[in-house]
Amino acid sequence: MPLNRQENNLHENCFACGSNNGAALRLNFHKKEDDSVVGYFTADPKFEGYSGIVHGGIIATLLEAAMTHCLLKKGISALTGRLSIRYSSPIRVGTVVKLEARIIKRSHKIFFLEGQAIVEGKKMAYAEAKYVLRR
């Protein structure tokens, strides 16, 4: 599902998903029946950190983008207040990474989310984040 008008207006220049950014990762997320989101990414060698391994900052970007889109798909515009990532295994350049995210809970203007990066059924990285509604 392409970005809806609200998502596009908020993220048209975004490094992760922006339609007006020539350097963007071109991430695209689909809303699932349970309101979580899923997307896929194949890392080009230009995103390498150590030899043959995707840079951890790129993985953080992928996970944050998944969680942000989980909110946007529900019409919620919020900013990342805190992001915590646990890297379990290195992700090799050229592999397909499945990105999943879901809302865990909401407390007034604060949203708590989790996301994961999965390769061939194995969780490679896990993220927890706190988002605050945009003003």
Give the number of residues within the range 61-72 that are surrounded by fewer than 21 Cβ atoms within 10 Å (Cβ to Cβ) and without any contact (Cβ under 8 Å) to a residue 60 or more places away in the chain. 1
Please enumerate the residues belonging to the range 30-60 that are of a type in the set (Ser, Thr, Tyr) and surrounded by fewer than 19 Cβ atoms within 10 Å (Cβ to Cβ). 40, 42, 50, 51
Which residues, taken from the range 40-57, are more than 15 Å from the chain's Cα centre (by Cα) and within 18 Å of residue 28 (Cβ to Cβ)? 44, 47
Having 1 or more residues that are of a type in the set (A, V, I, L, M) is the bar; report the strands (runs of 3 or more DSSP E) wholly within the range 24-135 that clear it. 37-42, 78-87, 96-107, 110-119, 122-133
Within the range 90-99, identify whether any single residue is in contact with a Cys (Cβ under 6 Å, 6 or more places away or on another chain) and touching a residue at least 24 places away in the same chain (Cβ under 8 Å), and answer yes or no. no
Selected residue (criterion: nearest to residue 36 (Cα to Cα)) from residues of the range 81-94 that are of a type in the set (Ser, Thr, Tyr) and loosely packed, with under 14 Cβ neighbours inside 10 Å: 84
Counting only residues that are within 26 Å of residue 74 (Cβ to Cβ), among the β-branched types (Val, Ile, Thr) and over 17 Å from the mean Cα position of the chain (by Cα), how many does the range 90-110 have? 1
Residues that are surrounded by 18 or more Cβ atoms within 10 Å (Cβ to Cβ) and touching an Asp or Glu at 6+ places or on another chain (Cβ under 8 Å), drawn from the range 119-135: 127, 129
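Every read-out reported here was derived from the displayed coordinates using simple, explicitly stated rules and does not represent laboratory data. As the structure is a prediction and not an experimental result, all values here were calculated from the model. Heads up, the Cβs are rebuilt from the backbone with ideal geometry, glycines too, and the neighbour counts pull from every protein chain shown.
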